1. Given R₀ = 60 Å, FRET efficiency for residue 353-residue 195 by Cβ-Cβ distance, to 0.05?
2. May I ask you to compute the full-extension gain from residue 325 to residue 448, defined as 0.36 nm times their residue separation minus their alpha-carbon distance, rounded to one decimal in nm?
3. Compute the relative contact order of region 270-402 as a whole-number percentage, counting only Cα pairs closer than 8 Å that sit 6 or more residues apart in sequence.
4. Distance from the Cα centre of region 299-369 to that of region 212-290, in angstrom?
5. For residue 126 and residue 436, compute 0.36 nm times the residue count separating them, minus their Cα-Cα distance, and round to one decimal in nm.
6. Roughly what would the spin-label model give for residue 335 and residue 243, points 7 Å off Cα along C-beta, in nm?
7. Along the Cα→Cβ direction, 7 angstrom out, place labels at residue 302 and residue 380. What is the inter-label distance in nm?
8. For labels at residue 536 and residue 485 in the simple 7 Å Cα→Cβ model, what's the distance in nm?
């Protein structure tokens with residue numbers, strides 16, 4: 001299937017009644033019919049685009065009824081055979097529906113594919129969901145690369161590198177030249193002459209007016225994925241891409257007042273783009289920063305007149321040491337922090353950030369299993385954010401920031417706390433949710449981030465591809481398959497929503513857009529990683545023991 005033909009006309013959802021996949025008598029056993037009746041109340045046809053997608057897919061499979069598989073075991077029930085065939089057909093149907101949705105999300109600029117819109121839900125106002133977001137496009141780009149269609153990824157990388165050079169003003173303040181846009185959209189300047197231009201948002205129109213720190217980091221990671229997948233170095237070595245990388249990294253490596261190699265960030269500067277108490281040094285950004293630095297070392301052409309690559313290599317080691325020393329948490333480490341002494345003044349202080357043990361939240365003592373561990377959310381003076389953040393921990397595994405033992409411990413934690421982190425829809429963006437007075441103070445009473453909703457403990461289908469990637473990397477695909485099976489039960493029926501609400505992720509998010517593109521693409525990437533583990537090479541970095549120095553935490557004289 002060729003996705004890059006002439007620009008498609010505006011989407012006009014047809015008036016075709018959806019035949020629910022769960023109701024097809026050809027494929028469903030009596031057990032599946034019973035489950036369909038129990039969940040009928042959850043159906044919500046808010047997006048007519050699904051009519052075109054699902055009916056096309058159903059028609060494609062009407063003539064593909066499989067013959068019952070003859071079991072070599074005598075006495076095998078025909079219903080078991082039917083269920084096996086049903087599951088196989090259902091998986092293919094979900095994937096086909098996802099590809100149709102992804103194809104419809106493609107944006108063209110001057111006749112060429114350039115990205116995918118955030119969502120194509122026609123039942124709600126567009127806001128900025130009709131734009132191409134840097135972070136949102138990453139799973140779409142990976143899906144296209146794995147499908148053998150890299151043109152859209154190349155166009156995206158080149159056009160965003162050109163957008164980076166534009167002057168960026170917020171009120172009277174000029175942003176750094178290295179800042180990449182959070183998003184962009186195609187603007188039709190003159191309908192008569194059909195001239196087009198790109199309008200970029202660097203944070204000046206975003207909710208909260210925060211510049212995206214993660215956009216540039218994702219850009220470098222995606223450039224490396226494109227280079228690895230296509231085996232074509234010409235794009236990465238082009239002047240545009242070399243300049244873009246240097247501008248991003250010079251901004252990140254610039255000197256300041258920090259005593260930490262981590263990146264200092266404002267709230268709302270990443271996927272968690274609203275006030276959620278991640279200001280400071282959030283693990284999501286630090287893990288992306290580490291991976292982008294490692295990718296850049298392999299992509300930058302070294303100039304003998306400067307020591308830029310050497311600076312990057314030094315920062316990689318310093319950042320690795322810092323995160324291993326102060327962010328890693330397991331049962332033993334938690335017990336040490338619980339017994340911390342305070343007000344230590346010396347180079348040998350164990351409690352270097354003067355964290356008060358009484359500030360440790362009660363929930364962590366029950367959440368932390370004897371087997372397992374993770375990188376906590378944030379560390380700064382007198383503050384440790386013990387929340388689990390999915391993105392940062394999984395990127396830490398893919399970038400080989402973790403040791404082998406730490407990577408296994410993170411997946412051990414996921415298995416031990418499956419109900420909390422996966423529940424009925426993969427996967428929690430962070431855990432646990434804030435509520436009551438904490439929610440009021442930290443979020444500013446944000447009505448979108450109420451407990452177990454959106455970024456405050458909501459469940460995001462896009463994160464599935466990261467879970468599958470780390471499971472495949474560590475040779476534990478059973479975790480990935482289990483999560484995929486959980487998602488496939490509802491994803492198409494619920495029309496690929498942006499996020500789910502509830503402690504177990506049972507309910508479609510109260511403000512979630514349907515046909516959210518990165519929910520669609522995240523599922524496709526997850527499936528392709530499971531079907532062909534060699535696809536992992538685009539998003540995984542090999543371990544390098546030379547960049548990791550074992551933390552040496554000296555015991556203070558005041559420690560018992």
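1. Working: r = 55 Å, r/R0 = 0.92.
With R0 = 60 Å, the Cβ-Cβ based efficiency is 0.65.
2. Working: separation 123, 0.36 × 123 = 44.28 nm, distance 3.47 nm.
Difference between extended and current length: 40.8 nm.
3. Numbers: 141 pairs, mean separation 47.9, N = 133.
Contact order relative to length: 36 percent.
4. One Cα centre to the other: 20 Å.
5. 108.5 nm
6. So the two model labels end up 5.8 nm from each other.
7. 3.7 nm
8. Here the answer is 2.1 nm between the modelled labels.
Rule-based calculations on the coordinates, nothing more; no lab input. Quick caveat, the model's predicted, so the values are computed rather than measured. Glycine gets a Cβ as well: all are built from the backbone with ideal geometry, and neighbour counts include every protein chain shown.
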